[in-house]
Structures are given as structure tokens and as C-alpha cells.
Amino acid sequence: MSATAPAPVVDLAIVGGGMVGACLALALADTLAATGRKVVLLEATPPDTGQSPSFDGRTSALSNGSRRILTTLGVWEAVATQAAPIHRIHISDRGRFGAARIDAKEQGLEAMGYVVPNRALGAALWARLQDHPAVELRAPCRVVGLERAQECVNLMLDDGTTLAARLVVAADGAQSAVREAAGVTATADDYGQVALITQVSAGKPHAGVAYERFTTSGPIAVLPLPPALGHQRVATVWTLAPADAARVRALDDAAFLAELQQAFGWRLGLFSAPGERLAYPLALVQAASLVSERVAIIGNAAQGLHPIAGQGFNLGLRDAITLAECVADVLGPPDGDPGSAAVLQRYAAWRAADRRLLVRFTDGLVKLFGAKLGPLRAARSLGLSLFDVLPPAKAAMSTLSTGGGGELPRLARGLPLLAAVRAAREATP
């Protein structure tokens, strides 16, 4: 399509200021500043209004690899006091004999991961971005159209202005408008499930144990929360059929707690004091491609996963830091083009294996533990029991926690991007 009126061209425009989009902006900020370049971060809902869907009452389970990335970005220190370490994972199948336990100490880890409130992480990210000279924040701001020009993409904004960027990044969620406008299709495999999310107080100390309990109505995850959120608080993610989720969400507190207790059991004693209940339909969303001409796709816009393994944000964060490295590596030369075909092809190729593995792993768990047939339920119970006594299986699970597998981006190894860019510039004759 032909371009509209000329507009000043920025190097990078990120559409979506949720956790993944904000992490990408922060990952590149110092490098952009050092090379005299700029990123514009566009977000539809200002994060400080309390209305942002990215920073609502949900929590995220961070892998150790994600914690290392956030430490390198200078964010972890601000959220560490609001994070609850996961010391052990307990997986069981209600009414069956199988169970599996994974202990961080046995795997040589301080924790298997950390549970962090999304609001806390969002506040820390935006606080770091607010005053950065290479970052322009526009919120509220919506993209209403996209046109490609010869060396940039023109974004039409809801205030009637146009923003031209050499690279546009779609970080605007599973229903990404930018992805669609860029001509990238996506498939959505509806699981026929709704995640009902809330927080409750447990009658016993959670001791840093994360529970995954599979029931006939769907899995229940119970995750430890930090003491700052209240005495013995835990987050619950209860997966139900849509009609059941609507019914349970509408119950009064006493009836809701009784049903949750019946489904989960008494490992944490008597549940009480439920918080706000949030409901999210679940589907596996996959973009047909991670790139289009001068457009890259990351996070939930690239793939939306079932929360069964708690890997959605971790996978999206690896999208962000991989793209950041691909972009940073061309920023040294004055004519380096962050939206070039070479940059985009490198990003897509680098992310392919990790993305494919996590999508298959998560989708496989949903289908295995959603099976209601007797033989399949018996087989998975036996599998849980075998898993519990097989060290190699547990070691493979701990790999998910460290973010291992394949070539890790520099930020995942604790190495800032700016140092590498400076070294490359100094080595250039």
C-alpha cells in the first residue's frame, strides 16, 4: 500500500506496553541511547490507572531464567520483596494414586521459580522506562491502521497522527490488531475452558510449595504468594468448563470456598477470605509467522498458551530478549537497519525451536490431563508415580526453570546488550 503524509521516522515502535512489550523497550533502551536512536512504546491503557488488563490481579510464575533476565534489566531488585519463591512443586491427580514432587534443593536450585503479582512487575518496568532518554511513552494511545512505505511502516494513531518506524513490534496480545493489520494470520484452538483466578488465605503455611491438582472438572493450580500480600495467601487458577466457571464465579464467598475446597482438598487446611474472581477463556493461539515486512511479533501476539505449566510469560520474555539482541547487533553502524529482512529472519529462526517445544509441551499436558477415559487416566497416574522416582525426568523439568536449551541470548546469560554493542563499535576500523 502507498504511504500517507510523511512523518518523522523512529527506529523502533512497540505496540503494547504490557510486561513483554515493556521488557523489550527496557532491554534496548541503553543501547538505543548510546547509538543516538529511539523507541516509542504505545499502550492503550495507562498502567497507573489500575485498569490495565496486563497488570490486573493475576500473578505470573517466573522461571529462574526469567529472574536472571529481569536482574540484568535492573528490575528484579524492585520486585524481589514482592516475589514468593517456589521451593517445591507437587503434582497430583485427584482420586488417583499418582503424584510427583520436585524439590529445588534436589535440583541444585535456590527455587524452582518465583510467583510475582503482575501489578508489581508492571510498576517496576514502567518506573524504569519513565525517565529514560531513549524511550518515548505514549499512553493512552491506540493504533488504528498500518501502511508500509519503502523503508518504514506508518502507524495511524487514534489521535489522528501518524508514527513512522523502521521496525514495528506487535506486543498487543493474543487478539493483536497489529498482527492482523500486518497480514499475519493466526490460528486459535479453543480449549473449551475458562481459567477462574483468585486469591485465598490458606489455613496452613504454604511453605513455598506450588500445587498442580488435576480433577475431573479441570486442573487447579495453587501458588504461594509473598507475605506482603497477607498472611498465608495463595493464588488459585481453577480451570473449568465455561458454564461451570460462570456458575462458580457467581457463587457467594462461602459457597465458592466450599466448592474450591472440595475440588482441591485439605493439603493447605481451610481456605478463607477469597479475593476478586477473574475469568479468562482459554485457547492455544499461534501466529502463522513471527515476522512480516518490517514487523516482528512477540509474546501473546505470537503465541497464547494455556496456563497449565505457567510458561506463557517466560516464553514471551525470551521472544523479547531474542529480538532485542537481533536488533542491538545492527545498531552500532550509523546505517544499521533494525527492520531489515536479515534482522527479522534471524529472530524468527532463533525462536523457532523454543517456541515449538513449549507449545507442544503445554498443549500435550492439557490434552493428557484433560482426558476422561479410564485407561488414559490410569496411565497418567502411573506416569506421575514414575516421574516421582526418576531423577532424569525431574532434571528435564528443571531445565524449564533455568530457560536452558539451545543458544541463550546475552540477557539470559546475565550479559547486558550495551557492552556487546560498544565492543563491536570499538572493533570496527
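Given the criteria within 26 Å of the chain's Cα centre (by Cα) and outside any helix (DSSP H, G or I), does residue 322 qualify? Answer is no for this residue. Filtering the range 31-56 down to residues that are touching a Pro at 6+ places or on another chain (Cβ under 8 Å) and surrounded by fewer than 18 Cβ atoms within 10 Å (Cβ to Cβ), which residue is farthest from residue 157 (Cα to Cα)? Among them, the one singled out is 33.
When the range 72-101 is filtered for residues that are among the aliphatic types (A, V, I, L, M) and more than 22 Å from residue 317 (Cβ to Cβ), the ones remaining, listed by number, are 91, 99, 100. When 144, 153 are checked against the criterion of being crowded, with 16+ Cβ neighbours inside 10 Å and aliphatic (A, V, I, L, M), 153 stands alone in meeting it. Just so you know, in the range 162-174 the residues that are among the small types (Gly, Ala, Ser) and in a loop (DSSP other than H, G, I, E, B) include one that is modelled with the highest pLDDT, and it is 171.
Whenever a residue of the range 33-59 is farther than 29 Å from residue 417 by Cβ and at pLDDT 90 or above, it has no partner that is surrounded by fewer than 21 Cβ atoms within 10 Å (Cβ to Cβ) and of a type in the set (Asp, Glu) lying with C-beta atoms less than 8 angstrom away and at least six residues away or across chains. Of 219, 227, which residue is surrounded by 20 or more Cβ atoms within 10 Å (Cβ to Cβ), over 17 Å from residue 276 (Cα atoms) and modelled with pLDDT under 95? Being surrounded by 20 or more Cβ atoms within 10 Å (Cβ to Cβ), over 17 Å from residue 276 (Cα atoms) and modelled with pLDDT under 95 holds for just one of 219, 227, which is 219. Taking every residue in the range 104-121 that is farther than 9 Å from residue 64 by Cα and pairing it with any residue that is among the aromatic types (Phe, Trp, Tyr), at least 6 positions away or on another chain, the pairs with Cβ-Cβ distances below 8 Å are 118/55; 119/55; 121/55. Checked against the criterion of being of a type in the set (Lys, Arg), farther than 23 Å from residue 89 by Cα and without any contact (Cβ under 8 Å) to a residue 12 or more places away in the chain, the candidates 247, 294, 277 yield just one match: 247. Answer yes if at least one residue in the range 302-320 is of a type outside the set (Ser, Thr, Tyr), under 17 Å from residue 170 (Cβ atoms) and in contact with a Pro (Cβ under 8 Å, 6 or more places away or on another chain), and no otherwise. Scanning the range 302-320, I find at least one residue that is of a type outside the set (Ser, Thr, Tyr), under 17 Å from residue 170 (Cβ atoms) and in contact with a Pro (Cβ under 8 Å, 6 or more places away or on another chain), so the answer is yes. Under the condition of being within 20 Å of the chain's Cα centre (by Cα), of a type outside the set (Phe, Trp, Tyr) and either within 16 Å of residue 220 (Cα to Cα) or assigned to a loop (DSSP other than H, G, I, E, B) (or both), the residues counted in the range 272-312 number 16. Can you confirm whether residue 177 is on the phi < 0 side of the Ramachandran plot, among the small types (Gly, Ala, Ser) and under 22 Å from the mean Cα position of the chain (by Cα)? When the stated conditions are applied, residue 177 passes them.
The values are calculated or read from the model by the stated rules, or taken from the named source; none is laboratory data. All figures in this text were calculated on a predicted structure; none of them were measured in a lab. Backbone-built Cβ (ideal geometry, glycine too); neighbour counts: all protein chains shown.
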